[in-house]
Amino acid sequence: MKKLLTGMLGLLCIFLSAQDFRFGKISEDELKKVASTIYSDAKAEILYNECTVTYNYDNSQGFKLDTEVHFRVKIYKKESDWNENEIYIYKANNNQEKIYGFKAFTYNLEDGKITKTPIEKNNIITEESDDRHDVQKFAFANVKDGSVIEWSYTKSSPFYWAIDTWYFQYDIPLVQSIYKAKTPEFFNIKEDFRQFVAPSSINKTSENGIDFKENVININYKNVTPALKEPYLLNVNNFRPAIKLEISGITIPGRVYEDYTSTWDKISKNLIESSNFGDQLKPNNDLVAKAKELTATATDNVSKMAILFNYVKKEFTFNQANRLYTKQNLRKVVDEKKGNSTELNFVLIQLLRGVGINANPAVLCTVSNGLLNPIYPSMDDLNHTITYVEQDGKSYKMDASEDFSEINILPFKDLNGDAVVILPDGKYKKINTLNTSISKVTQMARGKISPTGEISGKVNFLSNNYAALEKSDEYVANKEGFIKDIKDNVPECTVDEVTINEKNTLTNFNYSYTYTSEELAVIQGDKIIVDAFLMLKHKESPFKKEERIYPVQFDDLFLNTSQISLEIPEGYMVETIPEPVNMSLPDNAGNLMTAFYLKEKTVEMVSKFSMNKNQFPPEDYPAIRYLFDQRVAKENEKIIFSKKPNP
């Protein structure tokens, strides 16, 4: 076996060393390759990518940043998402980065010859991504199973302090990645190097450039497995190995030191002074009048908050754009009743302030956008604003851009750690967006066993907080589909009738259904063997891997309770009943409890499973996995009824 592995590694090294990674130098071996040796199920694979960061100096314009990028990707299955790609272009203060030398081709092996197909101009489009970025999207032509696609470009930027983050792991395997940055000796550089996967090599040197001495960093990664989504992980991108260089300052002999350090004090002050942020929060008489009209009969501040929050959610439409800044004057937003995430929350803030409630914007980074850097604050990390209230000694968080949210129950997109409250005087304070209220789901099933082993009965489903929000969202989006899913989720049963509670709210959602089943019980001779938790049992754990390098992240705290009441069949008695269990994670961060009660005419079963902590480090994974495995094991145990002996 060792000889085989040694031979395979040797062949891989020969393959890598023989490859020519200059643009356009595609080999037949690359086109003939049929599967990844790193991850066999991959639909595509990065054969090579490279990023080179350099600086030039112009006496009239100063420093200019150039970023050269080159990708070569093998397509094993043409339905791979890598047929389409994007380039992000930074923009600010009526200026933006420019793309030069863009070229892209698809290569195929046809009749023994290598052919190449250029990208078509109509397959290149540019559109707005967020407040500070446009995105150039491009799609390749003539992509087939086995194709190789390749593209390169140079991005020239006047924002010489804004160096792009470079990633060394993707959702497909990566054979080799090279990052090289040459920065002027005058630059004070902070390195944010996330090494969740160790590099093959890293070297730091200095060399003489044309106009100045340069500090050089070279990072090389080889044979990196894909960053695959795992259960209970908010955003896998937060844990990919990556390098981000930050310029904290520039020291040029004979000149005043230029400070580029970003702090929350600076960010807060800049936002308050911005025409697209702070200026839009200046008092609006129309909104003040509207707020007073809507809350005329309210007797306390919490009631006023609820009225105004629900008004914005009901009367205004979110345009699905999470943005840090407003794109239009707030008066226009009010007239058109439509806006981006910050605009809608600004309307709410103005309304709340109009009735004397202390409301302020809290800026944050949504889950899909990554994480706020705790060491190097950056405006570029922010892409959303919510509403924060401090009133009568209590705090309240709201997001007017999401219909399926409530006061202090933010939508899942916001549950991403810290948010920063921007105060009117330009100061700030940090708050945490993570949910601390427990979502409860209770399922109660009654069952009766017929002489033939058929079980029939009724199930009641009760939920609150985030669990209810999810169900409410699903039900409103597709009522028929929601009912179908209830039936499909219990394939061992025939669901006869589903009843949705007419008094459901966003934070309390209940329903019930009746059922019959011939699969939950088995008759063997004079015994009836029944699944103790009937159709409510969990069939498998979400945690299947023995090891995990990522943290475990629950977006809400929860308590799931299953209660079963099963009638003892006429003429039978209970022969075997499972043993109870009660186990907890350290510090009661999670708990499993099962109990079984034998009564005169029924057997009662209870399972309670709770998670009382949002975030767990990777070293806690084995204990969490064991707890989930035990829940599955206990809920799949059997109850055995045997016929009573003849009197």
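Points to keep in mind about this one:
- Mean Cβ count within 10 Å, highest first, over the residues of peptides 470-483, 546-559, 167-180: 167-180, 546-559, 470-483
- Per-residue 3J(HN,Hα) values for segment 235-252, derived from phi via the Karplus relation 6.51 cos²θ - 1.76 cosθ + 1.60 with θ = phi - 60°, read 8, 4, 5, 5, 10, 7, x, 7, 10, 10, 9, 10, 8, 8, x, 10, 10, 10 Hz in sequence order (x marks Gly and Pro).
- Values of log10 I(q)/I(0), in the order q = 0.15, 0.24, 0.26 Å⁻¹, for segment 56-118 under a Debye, Cα-only, solvent-free model: -0.71, -1.22, -1.32
- Charge dipole (the chain, unit charges on Cβ, about Cα centre) - positive-most of I219, P578, A467: I219
- Counting heavy atoms of the protein chains alone, S268 has an accessible area of about 0 Å² for a 1.4 Å probe.
- Only aspartates and glutamates eight or more places from K397 in sequence, or on another chain, were considered; those with a Cα closer than 15 Å are E406, D414, D418.
- Paramagnetic label reach from Y257 (point 7 Å along Cα→Cβ; backbone nitrogen cut-off under 11 Å): within segment 370-399, no residues.
- Label-point separation, E79 to S584 (7 Å along Cα→Cβ), nm: 4.8
- P(r) tail for segment 186-241: Cα pairs beyond 17 Å make up 56% of the total.
- Separation of segment 528-545 from segment 235-287 is 51 Å, based on Cα centroids.
- Extension gain (nm, one decimal) between K484 and Y376, 0.36 nm per residue minus Cα-Cα: 34.1 nm
- Per residue accessible area in Å² of segment 196-308, where ligands, DNA and RNA are left out and the probe is 1.4 Å: 54
- Accessible area in square angstrom per residue, segment 585-647, 1.4 angstrom probe: 52
- Phi angles across segment 487-499 convert, under the Karplus curve 6.51 cos²θ - 1.76 cosθ + 1.60 with θ = phi - 60°, into 3J(HN,Hα) values of 5, 5, 6, 10, x, 7, 10, 9, 8, 8, 8, 10, 10 Hz, Gly and Pro given as x.
- Accessible area in the full protein assembly, largest first, 1.4 Å probe, for V522, V490, V334: V522, V334, V490
- Mean projection area, nm², convex hull over Cα of segment 84-230: 12.5
- The charge dipole of the chain, taken about the Cα centre with unit charges on the Cβ atoms of Lys, Arg (+1) and Asp, Glu (-1), comes to about 380 debye, rounded to the nearest 20.
- Of all lysines in the structure, the ones whose alpha carbon falls short of 25 Å from that of K33, not counting any fewer than 8 places away in one chain, are K2, K3, K25, K43, K74, K77, K78, K103, K113, K116, K144, K222.
- Among 345-352, 113-120, sorting by the average number of other beta carbon atoms lying within 10 angstrom of each residue, highest first, gives 345-352, 113-120.
- Charged side chains reduced to their Cβ positions (Lys and Arg at +1, Asp and Glu at -1) give segment 21-68 a dipole of some 80 debye around its Cα centre.
- Tensor-based shape of segment 489-528 (alpha-carbon gyration tensor, a/c under 1.5 rounded, otherwise prolate or oblate): prolate
- Cα-centre dipole for segment 187-277 with unit charges at Cβ (Lys and Arg positive, Asp and Glu negative), debye to 20: 320
- For segment 209-265, the ratio of Cα radius of gyration to the globular rule of thumb 2.2 N^0.38 Å stands at 1.82.
- Reported label for calculated log10 I(q)/I(0) by the Debye sum over Cα atoms at q = 0.05, 0.07, 0.11 Å⁻¹ given [x] -0.33, -0.63, -1.25; [y] -0.26, -0.51, -1.25; [z] -0.27, -0.52, -1.11: [x]
- Candidate cross-link partners of K244 among the aspartates and glutamates, defined by an alpha-carbon separation under 13 Å and a same-chain spacing of 8 or more, comprise D164, E191, D192, D380, D381.
- Segment 514-623: C-alpha pair distances exceeding 18 Å, %: 61
- Our note on the geometry: Cα centres of segment 564-621 and segment 297-322, 41 Å apart.
- Put simply, the C-alpha atoms of segment 435-574 give a gyration tensor, and the ellipsoid matching it has half-axes of 30, 21, 14 Å, longest first.
- Tensor-based shape of segment 587-630 (alpha-carbon gyration tensor, a/c under 1.5 rounded, otherwise prolate or oblate): prolate
- Atom-type composition of the exposed protein surface of the chain places 48 percent of the accessible area on carbon and sulfur (1.4 angstrom probe).
- Overall dimensions of segment 179-304 as given by Cα atoms, namely Rg and Dmax in Å: 24.8, 74
- K266 versus K544: modelled label distance in nm, points set 7 Å from Cα along the beta carbon direction: 4.8
- Taking every DSSP bridge with both residues inside the chain, close to 90 percent are antiparallel.
- For peptides 630-643, 386-399, sequence by mean Cβ density within 10 Å, most packed first: 386-399, 630-643
- Segment 343-493: C-alpha gyration tensor shape, a/c 1.5 cut-off, then a/b vs b/c: prolate
- Column: log10 I(q)/I(0), Debye, Cα scatterers of segment 292-341, q = 0.24 Å⁻¹: -0.91
- Efficiency of FRET from Cβ geometry, V498 and E570, R₀ 30 Å, rounded to 0.05: 0.55
- Sites L228 and E390 - FRET efficiency at Förster radius 45 Å, r taken between beta-carbons, to 0.05: 0.60
- Spatial offset of segment 622-647 relative to segment 123-179 amounts to 52 Å, using the alpha carbon center of each.
The values are calculated or read from the model by the stated rules, or taken from the named source; none is laboratory data. Computed from a prediction, not measured in an experiment: that's the story for all the values here. For neighbour counting, all protein chains shown are included, and Cβ atoms are generated from backbone atoms with ideal geometry for every residue, glycine included. In case anyone asks, the SASA skips ligands and DNA or RNA and just uses the protein heavy atoms, side chains included. Shrake-Rupley method; radii C 1.70, N 1.55, O 1.52, S 1.80 Å.
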